[in-house]
């Protein structure tokens, strides 16, 4: 049964007023710690930095039977006593040296599928004499392999509560919340545990002593033996971790993933397009003509729709990636990539920050704090923005859809190509910087392979929900603000109708007054007049003037003033590129057309199509490689304590993006596209 989540417990109220007891989830990697956290807290969680650090942690509120409990998910570590940054951070957090207050109780995660090692890990926390509760995770996996733990017997040996749990099924989750709250409020007795260790002080207890103690305890509290890995599993591991076969498998898996995203997301995407179109039609028919109606239709609805319509792709991406991670596959992919990465001067510890950067470069850069070597860390920071983040997804989806309409397999391969291009550019840039500015060897990575598991769809849905809500919050705050500003810049100053527009209107009036007027001709003339007035407004507005001034810089790439303005505004947030285009060209096409149809028919001031194949491809390459993110530059400045590195990073990425986009466009022009 899952932990209670009563509606009267508000997370923000608890954080802002009286603090409930705090529990720290402490465990080794791949032991079900984060899955258990999701079960305990559900949607009542937020992502925050551990106070005093730049390391991200999930913090949530859990309801027990007799009160609330604040839960902090600490980074996974292999031991509290290890002299590595992750272990030191956890020690400092438990001792209250960082953060506003020390945790009241530690919930120690004990993996039932590797129980002896989990007991040794738990002993380090118990010897700190703080209230503890043992959560035995992955118990369902262990039982299937013939192994089980007697919770009551183990509790007697350790002197603290022991709860058998399963984050997948919810087994024991509410009991764990109650036990953690009791331990936080009333403490525990460690006499039985200390007696077994012969009252030796922590400084003299060796790992062999702990191993003997763990084996003795295991013999008393466990029944059955874990079945060893099958030969089939060993063969699969050898293939997936092979330097060549493993990378090939990774490319195939990612290609299938992105192709399925393009195919599956079309249906909800069309639904969102219809909803926003209906909202715009309703406002257009309800509000009187004027600036307020234009702001609502073109600035707010049209601008936000240009970003939110891509929500299905983002949700599907994180849903499928969560399934891959939960299955144990991504750890094998990391191992295969590590052998490859070290050739480019990046440490093994850089894989996780770079993988995190595919969600967003900000947490990826923050997590580099756990890389011990300063040069390794700086090299990872400099190349992390090359990884394709979710903010690039709307631009990728738009441009790839324009280039490969109705061909999901080619679109999926192009999607993989964007991710691969960014990763390869990052690796080559890392090689360059490690051989010039940051010379020195890279450290190898130690990685434990988790067992293969059946992925949990419920956990994947939680991850999808979390990322989707974050994306919508961005769309409702920063992106909305940028859209309103862009609408104002593109709507003012108002441009009076030119002589050409007045002539078109006069011709329309003459045709309409004929004895048998042609409705199609009238509609065509009216549309031509509206189109010309829209182009004049674009060029005469403040946004148009900014675009005209900056256009010479981007003209070699095939960008006109519309694309130039969209590229410049996307420096604040990449995902507003599409919204900006929708705003500054909102009347260039029929209102009933879909998003892709409207943009595919956009035209330049000279009447030619805005998105030709060479221009769309050049723009795609530019966004894949460019540093179009002001918050990332600000974070790099904070992390490096210098403007030298972010400015160098911006200059290198922007120059590389411009050069590669120009080369791609020239190749396509020569090829006759």
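The values are calculated or read from the model by the stated rules, or taken from the named source; none is laboratory data. In this text the structure is predicted, and so the values were computed from the model without any measurement. Every residue, glycine as well, gets a Cβ built from its backbone with ideal geometry; the counts of neighbours run over all protein chains shown.
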Handout entry: Residues that are surrounded by 15 or more Cβ atoms within 10 Å (Cβ to Cβ) and within 21 Å of residue 607 (Cβ to Cβ), drawn from the range 508-525
Key = 508, 525
Handout entry: Selected residue [touching a residue at least 12 places away in the same chain (Cβ under 8 Å), in contact with a helix residue (DSSP H, G or I) (Cβ under 6 Å, 6 or more places away or on another chain) and closer than 30 Å to residue 658 by Cβ] from 562, 532
Key = 562
Practice task
Can you confirm whether the range 502-522 contains a residue that is modelled with pLDDT under 80 and either out of contact with any helix residue (DSSP H, G or I) (no Cβ under 6 Å at 6 or more places or on another chain) or in a helix (DSSP H, G or I) (or both)?
Solution key: yes
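Could you please let me know if residue 651 is free of Cβ contacts under 8 Å to residues at least 12 places away in the same chain and assigned to a helix (DSSP H, G or I)?
Answer is yes for this residue.
Looking only at the range 124-140, count how many residues are assigned to a helix (DSSP H, G or I) and surrounded by fewer than 24 Cβ atoms within 10 Å (Cβ to Cβ).
Total meeting the criteria: 4.
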Problem - Failed criterion for residue 247 (all others in (1) at pLDDT 85 or above; (2) outside any loop (DSSP other than H, G, I, E, B) hold) - result: (1)
Problem - Yes/no for residue 176 being within 24 Å of residue 155 (Cβ to Cβ), crowded, with 17+ Cβ neighbours inside 10 Å and either at pLDDT below 85 or touching a helix residue (DSSP H, G or I) at 6+ places or on another chain (Cβ under 6 Å) (or both) - result: no
Completion exercise
Given the conditions (1) touching a helix residue (DSSP H, G or I) at 6+ places or on another chain (Cβ under 6 Å); (2) assigned to a helix (DSSP H, G or I), every one holds for residue 349 apart from (1)
Problem - Within the range 609-646, tally of residues that are assigned to a helix (DSSP H, G or I) and in contact with a strand residue (DSSP E or B) (Cβ under 9 Å, 6 or more places away or on another chain) - result: 1
Exercise for the section: Those residues that are loosely packed, with under 13 Cβ neighbours inside 10 Å and under 23 Å from residue 619 (Cα atoms), I need them from the range 639-654; list them, please. Expected result: 651
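For every residue, the table says whether it meets (1) surrounded by 20 or more Cβ atoms within 10 Å (Cβ to Cβ); (2) outside any helix (DSSP H, G or I); (3) under 21 Å from the mean Cα position of the chain (by Cα); (4) in contact (Cβ under 8 Å) with a residue 60 or more places away in the chain.
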residue: 368; (1), (2), (3), (4): yes, no, yes, yes
residue: 377; (1), (2), (3), (4): yes, no, yes, no
residue: 382; (1), (2), (3), (4): yes, no, yes, yes
residue: 385; (1), (2), (3), (4): yes, no, yes, yes
residue: 393; (1), (2), (3), (4): yes, no, yes, yes
residue: 398; (1), (2), (3), (4): yes, no, yes, yes
residue: 410; (1), (2), (3), (4): no, no, no, no
residue: 422; (1), (2), (3), (4): yes, no, yes, yes
residue: 426; (1), (2), (3), (4): yes, no, yes, yes
Practice task
Please indicate, with yes or no, whether at least one residue in the range 488-498 is more than 47 Å from the chain's Cα centre (by Cα) and part of a helix (DSSP H, G or I).
Solution key: no
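Out of the range 179-201, which residues are exposed (fewer than 13 other Cβ atoms within 10 Å of the Cβ), over 41 Å from the mean Cα position of the chain (by Cα) and either assigned to a helix (DSSP H, G or I) or at pLDDT 70 or above (or both)?
Within the range 179-201, 191, 195 meet the criteria.
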Handout entry: Residue satisfying condition, being modelled with pLDDT under 80 and either buried (at least 17 other Cβ atoms within 10 Å of the Cβ) or in the same structural domain as residue 186 (by TED's automatic domain parsing) (or both), within set 67, 99, 79, 60
Key = 99
Fill in the blank from the handout: The lone condition residue 26 fails out of (1) closer than 29 Å to residue 207 by Cβ; (2) modelled with pLDDT under 80 is (2)
